[in-house]
1. Could you work out the mean projected area of the convex hull around the alpha carbons of the range 175-319, in square nanometres to one decimal?
2. Dividing the Cα convex hull volume of the range 137-246 by residue count, how many Å³ per residue is that?
3. Roughly what angle does helix 14-32 make with the longest principal axis of the chain, taking Cα atoms, 0 to 90 degrees, to the nearest 10?
4. Using C-alpha positions alone, give me the convex hull volume of the range 7-163 per residue in cubic angstrom.
5. How much of the calculated P(r) for the range 233-297 lies past 15 Å, in percent of all Cα pairs?
6. Share of the chain's accessible area from carbon and sulfur, percent, 1.4 Å?
7. What three numbers, in Å, describe the spread of the alpha carbons of the range 228-268 along their principal axes, ordered from the longest?
8. Which order do GLU59, GLU266, GLU218, GLU228 take by accessible area at a 1.4 Å probe, largest first?
Amino acid sequence: MKTQTVTKPLVVQWPTLLICSLCYLGFLCSTLFYDTLGPVTSTIVLTLALTLFSSFSHEVLHGHPFRSVTANTLLVFPALGLLIPYPRFRDTHLAHHHDPSLTDPYDDPETNFIDPAVWVTWSPLRRRLYTANNTLLGRMVLGPFISIATFYLQDARAAVKGDKRVIDGWLFHIAGVITVLWWIANAGQMPFLVYMLAVYFSHSILKIRTFLEHCAHEKVRCRSVIIEDRGLLSFLFLKNNLHAVHHACPTVPWYRLQSVYTAKRESFLKRNGGYAYRSYRDVIAMFLLQAKDPVPHTLMAMPPDPQTEPLHGDKQLTL
């Protein structure tokens, strides 16, 4: 007797697939109807679509909306955001999810903290630049350039050393970029420079989310933030503002994070030591022009700073 093979039905997370559709709809409308919509409306639509696409890519790397990794990856193959290779985003972000390493300057690929021993070797100009980057306004204006330049430099070094995973990730990305560039040049109406402006704007918006995501705390469970916002930014970030919940339950899809948090709100707030804010409006009011943290990691010892040391050891120069 022949045994029948039971095929599992394809499980589709329709809310996440709807988000994917919105991303491509915004991309198509802004590029195809640029002349009709005008430069301002088209840029706004594309900026929102690209911001949402980055958040959707985050869902994809965590295994949504399909069971198939290949099917999920195909959804983000066209590199709409142009700048960050999805395979590299996937690898670095999954490494970031090793919670004991959160905020570590060497082991957390997404940290903004610097080893104090490195900090004291920097020039005054570079220190001022990174200090400005630790304000919310600075993070939105300077942050995309700093993070992308740092990311590119690290990947370039790895590629030169022959890291096949890095090289393959960039080859995948280049194919996706060529697809998008072909569309812009042949099918769309939007000028390339306007498209790039929207790309940078989308990275600036995403910096609002990442600005407060983690703090330097001795307890690992207290390093991830909760921002109880339910507005437009929360939607664009696909509820990743509930970041402590996401780190505690990384496989939970975005559309269930709010209910998980609501059901155990007090438990989550106790678990992360009350590292929470009511809304992004509060965050903007508090940190638009004020640095949230120092750039040197606060849990690492600060060595003597040669730029502030006396001229002759501990002896002051007197007149």
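1. Reported value for the Cα convex hull: 15.7 nm².
2. On the way: hull volume 17.6 nm³, N = 110.
So the per-residue Cα hull volume is 160 Å³.
3. 90
4. Values: hull volume 27.2 nm³, N = 157.
Taking the convex hull of the Cα positions in the range 7-163, it is 173 Å³ per residue.
5. Working: 1219 of 2080 pairs.
For the range 233-297, the share of Cα pairs beyond 15 Å comes to 59 percent.
6. Working: 11150 of 17200 Å².
With neighbouring chains kept in place, the figure for the chain is 65 percent.
7. 26, 20, 13
8. Most to least solvent-accessible, the answer reads GLU218, GLU266, GLU228, GLU59.
The values are calculated or read from the model by the stated rules, or taken from the named source; none is laboratory data. Keep in mind the model is a prediction, meaning the values are calculated, not measured. Note that each Cβ is placed from the backbone with ideal geometry, even for glycine, and that neighbours are counted across all protein chains shown. When the accessible area is computed, the model is the full protein with side chains, heavy atoms only, and any ligands, DNA or RNA have been set aside. Shrake-Rupley method; radii C 1.70, N 1.55, O 1.52, S 1.80 Å.
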